[in-house]
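Student: The structure that follows is given in the form of structure tokens.
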Amino acid sequence: MKIGLKKEITLPTAALGLTCIPGKSELLVSCFDGTILKVNTSDDTWETIAKHASYASGIVTAMDGKLAVSAGYDGIMQWHDLDAGKTLSVEKVHDFWSWQLKASPGTGKVVSVTGQYLCDGYKYDPAAEKEFSIKVFDAETRRLLHGFSHLPPVLSVAFSPDDRHLAAANMMGDIKVWDLNSGKLVHAWNTPDFTSWGIIKSHHYVGGIFDLSFSPQTGRLLACGMGPMRDPMAGNGKQTWQEFDWQAKTPVKTREIKDEQRGRGLMETLAWHPDAEHFCMAGKMAQGNWNTALFSEKSGDLIQGIDNKTRITRATFTADGSQLFLSGAKAQGKPKDGVWNAFGRLLIYDVSTT
């Protein structure tokens, strides 16, 4: 499998969230300035369909593409009727911002994760949560189905392919999995390879697991982020993914990115190709050869790495697997005559399986 850049669409401001509208050549993008854009990938045009008062950190579709749900840094979630072109509800669901928003594969549920890193003592350990760090909602009725506890900040979340389980992970490398039928915690474990204690410039923890995804083929759990670093301000930890057999009696790490195949930088997103045999990991490169890469599910090997000179925030494949969409931003630069550069980007890649 290989990808090749088809086109790059410039957006007014950084693209933080991304989702496809099922059955259409349109994408929804949540942005740095709070806008929710509907982008037509055929003619590269877009329109604003909603607005958050703060950064719009996430966007998903539900109910077979009839509904969109967005979330922001002000802890507000919005529900949008895509057919009618109107916002149905604006609700405060978190006291802090929504780090990540996901929809279940069956599109009947949406989940948002939150949490602020507040120091709890002289060792700078994070303080306990003040609210549920994970909230699961019925997408259509907006009813809260579950509130789950986790040590904040919780940065990432994922539904299993069968909609039965939910996984969430935090900045400290703690991963938990719940059974959504019973609401009970199934497993909890820690991986130390995504978190650092800075000893240069500033003393605090940094890093975390920035995305999670269950393998559609094996059911194992993938986590991505950035490996340990000495300088927390440099952002040059190792590009990292790890795979876990969470269904074992005691969850165990089964494999991870090979050391010789990675560079340094923060990996923020995972996306599975519909064939379930390949996945994409992308983010920001500090040093190395790529910030977007394709991997083989079978071997775990790097297949192709690309440096697209963009900080990638979200990745998603089309339902037929023919294209890969990446959202993100270029360097913002400085304003000219009081006007900022258009630094948001939507990258569209054609996918070849030959």
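Student: Given Cα positions, please report Rg to Rh for the range 42-125, the hydrodynamic radius being the Kirkwood one.
Tutor: Taking Rh as the inverse mean 1/r over Cα pairs, Rg/Rh reads 1.09.
Student: So how strong a dipole does the range 103-223 carry about its Cα centre when Lys and Arg Cβ are +1 and Asp and Glu Cβ are -1, to the nearest 20 debye?
Tutor: 80 debye
Student: Between the range 167-237 and the range 261-332, what is the separation of their alpha carbon centroids in Å?
Tutor: 18 Å
Student: Taking percent of Cα pairs over 26 Å apart as the quantity of interest, determine which of (1) 61; (2) 52; (3) 47 was computed from the displayed structure.
Tutor: Here the calculated entry is (3).
Student: Could you compute the FRET efficiency for K6 and W189, with r as their C-beta to C-beta distance and R0 at 45 Å, rounded to 0.05?
Tutor: Computed FRET efficiency for K6 and W189: 0.65.
Student: Sticking with this structure for a sec: Could you give the length gained by full extension between E131 and R255, i.e. 0.36 nm per residue of separation minus their alpha carbon distance, to one decimal place?
Tutor: 41.3 nm
Student: Right, something else. Under 10 Å from the Cβ of N40, count the other residues' Cβ atoms, weight Lys and Arg +1, Asp and Glu -1, and hand me the total.
Tutor: -2
Student: Still on this structure, please answer the following. Given the pairs K184/K253; K51/K92; K2/K298, which are separated by over 18 angstrom at their Cα positions?
Tutor: K184/K253
Student: Same structure, new question: Between S299 and Q247, how high is the FRET efficiency from 1/(1 + (r/R0)^6) when r is the Cβ-Cβ distance and R₀ = 22 Å? Nearest 0.05.
Tutor: For S299 and Q247, the calculated efficiency is 0.55.
Student: Please give me the summed charge of the neighbours of M63: other residues whose Cβ is under 13 Å from its Cβ, Lys and Arg +1, Asp and Glu -1.
Tutor: Charge balance in the 13 Å sphere: -2.
Student: Okay, moving on. Using the alpha-carbon centroid of each, what span in Å lies between the range 113-166 and the range 92-107?
Tutor: 9 Å
Student: Quick one: in the range 188-297, what % of C-alpha pairs are over 17 Å apart?
Tutor: When all Cα pairs of the range 188-297 are counted, 53 percent exceed 17 Å.
Student: Assuming 0.36 nm per residue, please report the length gained on full extension of the stretch D307 to A331 beyond their Cα-Cα distance.
Tutor: 7.2 nm
Student: If you build a Gaussian network model of the chain, linking Cα atoms that sit under 10 Å apart, which residue out of K109, K123, K330 swings the most?
Tutor: Most flexible of the set in this elastic network: K123.
Student: What distance in nm lies between label points placed 7 Å from Cα along the C-beta direction at T45 and A234?
Tutor: Each label point lies 7 Å from its Cα, and together they span 4.9 nm.
Student: Can you tell which of L212, L166, L82 shows the greatest fluctuation in a Gaussian network model of the chain with Cα springs below 10 Å?
Tutor: Sorting by GNM fluctuation, first place goes to L82.
None of the figures in this text is laboratory data; all of them are computed from the coordinates on show. Nothing here was measured: the structure is a model prediction, and the numbers come from that model. We place every Cβ from the backbone using ideal geometry, glycine too, and count neighbours over all the protein chains shown.
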